[in-house]
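Encoded as structure tokens, the structure appears first; notes follow it.
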Amino acid sequence: MSTGHGHSHSHGRRSASSLRNLKIALGLTFVFMIAEAAGGFFANSLALVADAGHMLTDVAALTLTLTAIWFAARPATSKKTFGYYRLEILAAFVNGIALVLLSIWIIYEGVTRFQNPPEIRGTAMTLIAVGGLIVNLIAAYLLHSDHKHDLNIRGAYLHVMGDLLGSVAAITAGLLILGFGWLWADAAASILISVIIIAGSWRLILDSVNVLLEGTPAHIHLSAVESAIVETEGVDGVHDLHVWTISSGMDALSAHITHSQAVQHGELLAAVREKLHDRFGIDHLTIQMETPDREAEAVYICDTGTNCFEPAKRTAHKTSVN
């Protein structure tokens, strides 16, 4: 059996530009968070204060994202054979929980304000909200290219999108206060922002939990993977099939494949590996080869290409395709 995944794959899942964009988004968000908090207290606007509080979680989320990325880049060890990749998923999970808790607090404050709406400086509120919208648009643009395939960055992106929607709601509330004197619009905007944030955060929490529980990735159908393996020439059957996510963009598979005595192990492994890579993007494979009369006949190890070799001693039972 091969020991862990001491492979040296260079995943290249993030470019230098991705990290630079994260740092720029963090800097912009931090600076305007201070400005919006001060402006919210000056204008006596709950929507602005709530949005500033949300920006505080943005700062925490972006900082946590960068920290998790730094840890994930550390090499694997004998005690952590997959390195620190799962820290990214934990960061995404924490981000989702933080968003939900913040939104619940904002809803509570908004309901309280409905009963006795305070005086609000509508002009200041609107101008500050416009500034927040501009900052959030820039941050969302910087994070957009990576959020679809990286769960951790998606958490940070959702924070920014929540802020963006919050700025739009705050602008609308400010205009309603200026135009019609509807002071309750501030509380209504706060509640609307919170409901939208909770909806997005819940999806993030569910996705994070699925990864932590090693569930099958949402974009992969296990039955399709099984069919692809069985359809490979020389494969008689497959069982104990598992597919899970190590971290965003890194899926793994383990399986037992039965085959006839006459099949060349190296060629069969190479064919299975190529098919799983091309159809499902799975490169981290651990496959145990079995024949009808022997549970595990031999061990073959394939590298990242299609070259396979047989170890001198047949003392292990698993075949690793890295």
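The values are calculated or read from the model by the stated rules, or taken from the named source; none is laboratory data. All figures in this text were calculated on a predicted structure; none of them were measured in a lab. Glycine also receives a Cβ, built like all others from the backbone with ideal geometry; neighbour counts cover every protein chain displayed.
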Restricting to the stretch 71-105, count the residues that are more than 20 Å from residue 208 (Cα to Cα), of a type outside the set (D, E, K, R) and assigned to a loop (DSSP other than H, G, I, E, B). 5
Do you know which of the residues in the stretch 153-180 that are of a type in the set (Ser, Thr, Tyr) and buried (at least 20 other Cβ atoms within 10 Å of the Cβ) is modelled with the highest pLDDT? 167
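Can you tell me how many residues in the stretch 229-267 are within 30 Å of residue 83 (Cβ to Cβ) and touching a strand residue (DSSP E or B) at 6+ places or on another chain (Cβ under 8 Å)?
Adding up the residues that qualify gives 20.
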Quickly run through the stretch 67-86 and pick out the residues that are modelled with pLDDT of 75 or more and either at positive phi or surrounded by 17 or more Cβ atoms within 10 Å (Cβ to Cβ) (or both). 86
Within the stretch 184-234, can you find the residues that are of a type in the set (A, V, I, L, M, F, W, C), touching a Phe, Trp or Tyr at 6+ places or on another chain (Cβ under 9 Å) and part of a helix (DSSP H, G or I)? 184, 187, 188, 191, 204, 205, 209, 211, 212, 224, 225, 228
Residues that are among the aliphatic types (A, V, I, L, M), part of a helix (DSSP H, G or I) and under 17 Å from residue 107 (Cα atoms): does the stretch 152-159 have at least one? no
Could you count how many residues in the stretch 170-217 are under 18 Å from residue 39 (Cβ atoms) and among the β-branched types (Val, Ile, Thr)? 4
